[in-house]
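Below you'll find the structure, written out as structure tokens, and then a few comments.
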Amino acid sequence: MQKVILKRLLQLIPTLLVVIAFTFAATRLIPGDPVAAMLGEQYDATKVDALREELGLNDPIPVQFGKYFMDILQGDFGESYYFNTSAINMIKARLPNTLVLSVSSLCIAIIVGVLFGVLSAKRQSSLLDYVLTVVSLFGVSAPVFWVAIMMVLVFSVNLGWLPSFGMATIAQDGLAAFLRHITLPCACLAVIPMGTFMRITRSSMIDSLGSDSVRALRARGVSERSIVWKHALKNALPPILTVVGMQFAGCFAGAVLTENIFSWPGMGTMISSAIDNRDYSLIQATVLVVALAFVIINLITDILYMVINPKVAIDAENGGM
Amino acid sequence: MKKLLALILSGTLILGSLAGCSKNPDPTPGNTSDPPPAAADENKPADSTPAPSADPGAPVYGGELKIALNRTINAEALDPTLANSTTCDQVCLQYGDTLVQETADAVDYLPSLATDWTISEDGKVYTFTIREGVHFQKGKFQDGRELTAEDVAWSLNRAHEESWWGYLPFFDHAEVQDGKVVCYLENANATFLHELTSTSGIIVPKEEVEGWGDQFGSHPISTGPFIVSEHVPDQYTKLVKNPDYWGVEPYLDAVTYYIVTDEAQAMNALTTGEVDVVLTVSGNYIQQVRDNPNLVLTQTPESRLSFLGFNLSDSVLSDKRVRDAISMAIDRKQIADGVYANGDGAASYLPVPVTSWGYDPALEELVPAYDVDAAKALLTEAGYGNGLNLVLTVGTADAYVRAATIIQAMLSQIGVNVEIQSLSSTEVTDRYLNNTVQLFIGGQGGSADPGTFVGNFLSTAKLHTNFNAFCYSDPATDEIVNQAGAETDRAKRTELYHELIKEALDTNIGVFYATSYLSWGLGQRVHGFVQENKSVMRVCGLEGTGINIWVTE
């Protein structure tokens, strides 16, 4: 298995090289000049050239890329033009906020999704199954921004239970304030993965519950509760786990929209303001971090997959992965 | 499995406690216990008279005002020389003082850190007497020492030299003579006092600026009624009352500006009482505020013009007959009705807003009257009887895009086929810079001084910028622009600007179709505000202005 992990780690290098080249090219391809964005309403053509020179934007594109690439190798992700601070510091400040939101959402999605999926599979073709199937379909198909607006209208504006924007921390504002602020964005972000988990769990559990091993357990007189939660669910886990990795990455990306709607100060609000301001360094660094998170999460998922199902590891060592 | 879940949950909580250092307004949704609304402004404003606020009794001291801002403020932008948006100005002008301030109608000036001033005959030397007994807010590098004339001269010289957009381009230097601050201008410029009222004109202590270096913006110090106590980029900026303020004592203990970039969310927060003020209410949200008995809407004409510009250097639009035909085919009243249905703007005709002292309704006669048949005939005469294709560049702001579609429909009546290209502001600016626009819709903000409008539109120095994407350039006109800028006599300046307005209309550089209105939404607990003829909401004004916001709980 160590060999497989090492192989996967080596595969990360070309992936990241492609990401670096791609984000660099993409930021240069967005129409609009960062200098114009920086100068804002005070835009004055006479100041443009001096500022472009200062920011190195007058260099040929290959030279800019060379400098950027060498800087990255030295751990320097550049300065954010707009925020006038190092891009990596900006990310350090924002990443925990996004992580807390996406990890909480993922946890809720897993708990609720798996629970409902199991219930649905256990009572296949019952009224409960139909209701939960409709709920899961709604989950995977409802647009996040619409869900967010509806939730705010109901829970903040009409009922007055929860705040409609902003973030609180446990250290500064206490646990209650933290939970009140995170509930709506978290619920909103959890809707899509929850639907996905529910659907995957349901189909995987139906297979598992119909398998020969479960039939054998039933014949031995093992309690139904124990069969469902201990044996069948364990067998049904691998496909669910695969989806966890994908959904976590999805939550991370989905946070861009959710954070903007709820004014949650994470990577999402940062990257959208970076794009608005043509803040090249910050866009590049953020995309690189998100891409890195994406591949690492997938790597961890693959490793966990091998732990749960050793057959996968053997296949991989034989060149199957 | 249980252990795994417990681990994940506890991990989430730990991350939560680590996540940034942030704070949010104590959410106390709903303010239904507030008294019923008083005179919520139901009608469109007829003039620039500040809107009256509800008066529920004697003002009370204490409390916090929460204001929603729609754009992020980067950490350093609270340094007056780095402030780059109206959002920054909203905060900076509460902690910072300038030499003079404008009156609510932005026509005259009030003494602030300068108690009086004189202007030399040639308009090139301004001498200010500095107020005594004013102290800086306490900081790391000085302990609230008294403001001196040297501070004023140093601050103005710094702003002139260091602001990255070239603050006071006509300024030479400031120095102290006999305890007074003397400002020397390279060329006389009548907008000098107006420029001094802007954020860049805030007076700051040298030792704090030098001590903090490029971090000064995160720890700004001046002499204003409020002190910046906490600034968390992208989240909020908190200001607390300055106990040593030299002017009128503020009623409020604190003012917090929250960044809420989504307008719908800002309105929700206003409805729930999480914020007290939304300074950028637009479109249908204006009606929403009007309809809500717990909210107050105030509107005042803004010094902001909306216009359809012609690129005079374009091969098609260089023909004046084409420009005139387009002007004649546009019904300004219809645009205003369609775009500003919520009372957030009104039709206007001249290249200065109706709030400007340079606006003379008599000049409206020079604008070609709405006449579709005459427009068609003129287009045929110009050789475009079979139709014409033009590209209209516009930003993404709703009001401009709606105006673009109405103009597109109007021009189709005379056979002009308009392709609308709606782009981000940076892309639009790029097109101006590279001179790749044909028709364009723009909005220009300024002051009551016509120099900030028509003076810029016709200035060669402003070519290919937001101000002069018309590509108008004429040395004789430049001469008048400079003369009008230098003249200190208001009557003479008015005459010169009227000349420039006539020139803009004769040449027909664009269709100046509307002056927009500034709309604020306020919660019922906010009192003592005056909506001035500018974008910034002053929380505590100078004596005699009547501005000192207070809140009821």
Exercise. Yes or no: B:Thr300 free of Cβ contacts under 8 Å to residues at least 60 places away in the same chain and touching a strand residue (DSSP E or B) at 6+ places or on another chain (Cβ under 8 Å)?
Worked result: no
For this session: Tell me which of these A:Trp146 doesn't satisfy, since it passes every other one: (1) open to solvent by less than 40 Å² (accessible area, probe 1.4 Å); (2) within 14 Å of another protein chain (Cβ to nearest Cβ).
Result: (1)
Exercise. A:Gly174: without any contact (Cβ under 8 Å) to a residue 40 or more places away in the chain, on the phi > 0 side of the Ramachandran plot and not assigned by TED's automatic domain parsing to the domain that holds A:Pro310, yes or no?
Worked result: yes
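Has the stretch A:65-78 got at least one residue that is within 14 Å of chain B (Cβ to nearest Cβ) and within 23 Å of B:Thr72 (Cα to Cα)?
no
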Exercise. Is it the case that some residue within the stretch B:171-186 is in contact with a Lys or Arg (Cβ under 9 Å, 6 or more places away or on another chain) and part of a helix (DSSP H, G or I)?
Worked result: no
Seminar exercise, completed: Residue hits (the stretch B:344-383; of a type in the set (D, E, K, R), more than 24 Å from B:Lys534 (Cβ to Cβ) and either open to solvent by 70 Å² or more (accessible area, probe 1.4 Å) or touching a residue at least 60 places away in the same chain (Cβ under 8 Å) (or both)) are B:Glu365, B:Asp373, B:Lys376, B:Glu381
For this session: Mind listing whichever residues of the stretch B:432-445 are hydrophobic (A, V, I, L, M, F, W, C) and not in a helix (DSSP H, G or I)?
Result: B:Val437, B:Leu439, B:Phe440, B:Ile441
For this session: Considering only the stretch A:149-174, state which residues are within 7 Å of chain B (Cβ to nearest Cβ) and either loosely packed, with under 14 Cβ neighbours inside 10 Å or small (Gly, Ala, Ser) (or both).
Result: A:Ser156, A:Gly160, A:Ser164, A:Gly166, A:Ala168, A:Ala171
Exercise. Any idea which of (1) in contact (Cβ under 8 Å) with a residue 12 or more places away in the chain; (2) out of contact with any Cys (no Cβ under 8 Å at 6 or more places or on another chain); (3) under 21 Å from B:Arg538 (Cβ atoms) is the one B:Ile73 doesn't satisfy?
Worked result: (2)
Exercise. Would you say B:Pro52 is more than 14 Å from every other protein chain (Cβ to nearest Cβ), open to solvent by less than 60 Å² (accessible area, probe 1.4 Å) and modelled with pLDDT under 55?
Worked result: no
Exercise. For B:Ala83, all conditions in the list (1) modelled with pLDDT of 50 or more; (2) touching an Asp or Glu at 6+ places or on another chain (Cβ under 9 Å); (3) more than 24 Å from B:Gln265 (Cα to Cα); (4) open to solvent by 40 Å² or more (accessible area, probe 1.4 Å) hold save one; what is the number of the exception?
Worked result: (4)
Exercise. Can you pull out the residues in the stretch A:247-268 that are in contact (Cβ under 8 Å) with a residue 24 or more places away in the chain and either over 8 Å from the mean Cα position of the chain (by Cα) or at the interface with another protein chain (Cβ under 10 Å from one of its Cβ atoms) (or both)?
Worked result: A:Leu257, A:Thr258, A:Glu259, A:Ile261, A:Phe262, A:Ser263, A:Trp264, A:Pro265, A:Gly266, A:Met267, A:Gly268
Exercise. Can you pull out the residues in the stretch B:498-515 that are over 17 Å from B:Asn311 (Cβ atoms) and among the hydrophobic types (A, V, I, L, M, F, W, C)?
Worked result: B:Leu500, B:Ile501, B:Leu505, B:Ala514
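Quick check on A:Ser104: is it of a type in the set (S, T, N, Q) and away from chain B (no Cβ under 14 Å)?
Numbers: of a type in the set (S, T, N, Q): yes; away from chain B (no Cβ under 14 Å): no.
For A:Ser104, the condition - of a type in the set (S, T, N, Q) and away from chain B (no Cβ under 14 Å) - is not met.
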Problem set entry | Subset of the stretch A:190-206 (residues that are open to solvent by less than 10 Å² (accessible area, probe 1.4 Å) and either more than 21 Å from A:Cys251 (Cβ to Cβ) or not assigned by TED's automatic domain parsing to the domain that holds A:Val134 (or both)) | A:Met205
For this session: Select from the stretch B:317-343 the residues that are closer than 14 Å to B:Tyr400 by Cα and either open to solvent by less than 20 Å² (accessible area, probe 1.4 Å) or assigned to a strand (DSSP E or B) (or both) and list them in ascending order.
Result: B:Arg332, B:Ile335, B:Ala336, B:Val339, B:Tyr340
Exercise. Got a sec? Which of B:Gly442, B:Gly510 is within 14 Å of another protein chain (Cβ to nearest Cβ) and in contact with a Phe, Trp or Tyr (Cβ under 7 Å, 6 or more places away or on another chain)?
Worked result: B:Gly442
Problem set entry | Selection status of A:Leu282, surrounded by fewer than 24 Cβ atoms within 10 Å (Cβ to Cβ) and of a type in the set (A, V, I, L, M, F, W, C) | no
Seminar exercise, completed: In the stretch B:379-437, anything among the aromatic types (Phe, Trp, Tyr), in contact with a Gly (Cβ under 8 Å, 6 or more places away or on another chain) and over 18 Å from B:Tyr513 (Cα atoms) is listed as B:Tyr384
For this session: Within the stretch A:77-89, track down each residue that is on the phi < 0 side of the Ramachandran plot and open to solvent by less than 70 Å² (accessible area, probe 1.4 Å).
Result: A:Phe77, A:Ser80, A:Tyr81, A:Tyr82, A:Phe83, A:Thr85, A:Ser86, A:Ala87, A:Ile88
Exercise. Looking only at the stretch B:446-460, which residues are within 16 Å of B:Asn533 (Cα to Cα), open to solvent by 10 Å² or more (accessible area, probe 1.4 Å) and in a helix (DSSP H, G or I)?
Worked result: B:Thr452
Exercise. Is it true that some residue in the stretch B:445-454 is among the hydroxyl-bearing types (Ser, Thr, Tyr), modelled with pLDDT of 90 or more and out of contact with any Pro (no Cβ under 7 Å at 6 or more places or on another chain)?
Worked result: no
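The values are calculated or read from the model by the stated rules, or taken from the named source; none is laboratory data. Since we're looking at a predicted model, the values are computed, not measured. Virtual Cβ from ideal backbone geometry, glycine too; neighbours counted across all protein chains shown. Heavy atoms of the whole protein, side chains included, go into the accessibility calculation; ligands, DNA and RNA do not. Shrake-Rupley method; radii C 1.70, N 1.55, O 1.52, S 1.80 Å.
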